[in-house]
Amino acid sequence: MKRTVSVAPMMDCTDRHDRFFLRLISKNVMLYSEMVATKSALHGDRKKILSFSQEEKPLALQVGGSDKKELSEVAKIAEDMGYDEININLGCPSKKVQKNMFGACLMKEPDLVSECINEMVNSCNIPVTAKTRIGFDDTEDFNYLNNFILKMKKAGCKTFILHARKAILKGLTPKQNLNIPKLNYEMVYKIKKENPDLEIIVNGGISKTEEIKKHLKICNGVMIGRAIYQNPYFLTEIEKEIFNTKDNPTREQIVEELLKYLEKEVKLGTKVNHIMRHTVGLYHGQVGSKNWKRYLSDNMMARDSDFQKAKHIMTIVQNNEKVNQPTA
Ligand SMILES: Cc1cc2nc3c(=O)[nH]c(=O)nc-3n(C[C@H](O)[C@H](O)[C@H](O)COP(=O)(O)O)c2cc1C
């Protein structure tokens with residue numbers, strides 16, 4: 001499986017509609033689900049929580065949990081449903097997540113994590129991967145991180161996504177935890193150099209193709225979150241610069257394809273805004289992008305699954321010259 005560039009799992013962002021939209025822009029990136037708690041996957045509305053369109057693949061399910069039996073059951077379900085990878089979240093610092101004993105606080109429990117990974121590896125045939133931070137609280141130490149990784153390797157994990165900043169488990173909001181702890185790419189590079197046999201994916205603060213190329217000289221892949229969610233058309237630049245893709249769709253072609261999906265989904269009861277909200281950044285950086293955003297916010301809240309609203313949204317794309325006019 002190719003993980004040269006992947007889109008990061010992001011709660012409330014990378015749902016199945018967003019992934020379908022992103023896949024229209026890029027065929028080569030790896031996609032990840034939002035984090036799903038094991039208990040929701042096992043006892044919730046599984047169809048609603050875990051289903052996806054075949055077009056989204058290759059696709060990983062990210063799971064949050066620390067109960068090895070539950071994790072192994074979810075790994076099997078992910079495989080049976082057609083996911084290409086199961087990823088365990090060892091990096092989320094939110095209070096709620098800590099209370100439930102998953103995410104970044106598990107960096108303190110290398111033995112428990114390895115037992116969980118071992119059970120997952122034994123219960124499925126898809127790759128089991130881990131996404132973690134480079135440290136937590138006062139611990140930002142190469143040996144600690146390396147030993148944690150070695151334990152997980154022994155348990156059967158070969159791919160590690162490393163968010164290159166530590167997590168502060170008390171006192172910072174999740175948003176602050178994405179910005180305040182300093183990025184330390186050198187720590188990630190050192191892990192790769194020490195473990196050349198492992199697939200190491202670097203994550204955190206990457207927003208330019210030049211940066212991707214630099215990281216790829218050392219790491220096996222990069223993972224990008226916010227820069228893609230805020231500016232999804234950045235994926236076209238990634239396709240051109242990293243994957244040498246020649247014929248990339250225009251923004252208008254992307255929305256035309258998305259509209260076919262919208263039509264199908266609206267008939268099944270999906271609300272227009274559940275799909276279109278992910279396209280707010282489509283014209284990011286373009287003159288007149290404000291018009292697109294304003295049009296979406298004025299029109300996409302149709303509560304009645306009214307497909308005509310979707311058609312309306314399209315008109316602004318078809319009249320793209322208007323979209324690109326400078327706003328007064
Ligand atoms: C809105 C939002 C939701 C996130 N949700 C998750 C999540 O569900 N699982 C996870 O592992 N990381 C989550 N993250 C962290 C990202 O996956 C990523 O590690 C982080 O944003 C750093 O990458 P970036 O600088 O490219 O955005 C989230 C980040 C954001 C901004």
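The values are calculated or read from the model by the stated rules, or taken from the named source; none is laboratory data. As the structure is a computational prediction, the values presented were derived from the model and not from experiment. Every residue, glycine as well, gets a Cβ built from its backbone with ideal geometry; the counts of neighbours run over all protein chains shown. Accessible surface is based on the protein model in full, side chains and every heavy atom, while ligands, DNA and RNA are left aside. Shrake-Rupley method; radii C 1.70, N 1.55, O 1.52, S 1.80 Å.
Observations on the model:
- Ranked order, THR139, THR129 - accessible area, probe 1.4 Å, largest first: THR139, THR129
- When peptides 175-184, 53-62 are ranked by their average number of other Cβ atoms within 10 Å per residue, the highest-first order is 53-62, 175-184.
- The residues of the chain expose, per residue, 47 Å² of accessible area to a 1.4 Å probe.
- From the largest down, segment 89-162 spans 35, 28, 19 angstrom on the principal axes of its Cα atoms.
- FRET efficiency for the MET11 to LYS154 pair, using the beta carbon distance and R₀ = 45 Å, is estimated at 0.90.
- Fully extended contour minus Cα-Cα distance, from LYS182 to GLN253, at 0.36 nm per residue: 21.6 nm
- A cut-off of 5 Å between modelled amide H atoms, ignoring neighbours fewer than 5 places along the same chain, links ASP137 with ALA167, ILE168, LEU169.
- Surface share of carbon and sulfur [accessible, 1.4 angstrom probe, percent] for the chain: 49 percent
- Cβ-Cβ distance of ASN244 and GLN286, R₀ of 41 Å, FRET efficiency by 1/(1 + (r/R0)^6): the value works out to about 0.95.
- The listed residues ASP141, ASP197, once ranked by accessible area (1.4 Å probe) with the largest placed first, stand as ASP197, ASP141.
- Residues SER114, SER297, sorted by accessible area with the largest first, give SER297, SER114 [1.4 Å probe; ligands and nucleic acids excluded].
- Overall size of the chain from C-alpha positions, given as principal axis extents largest first: 57, 43, 39 Å.
- Nitroxide proxy distance, nm - points 7 Å out along Cα→Cβ at LYS190 and LEU172: 1.8 nm
- Over segment 28-75, volume per residue of the alpha carbon convex hull, in Å³: 73 Å³
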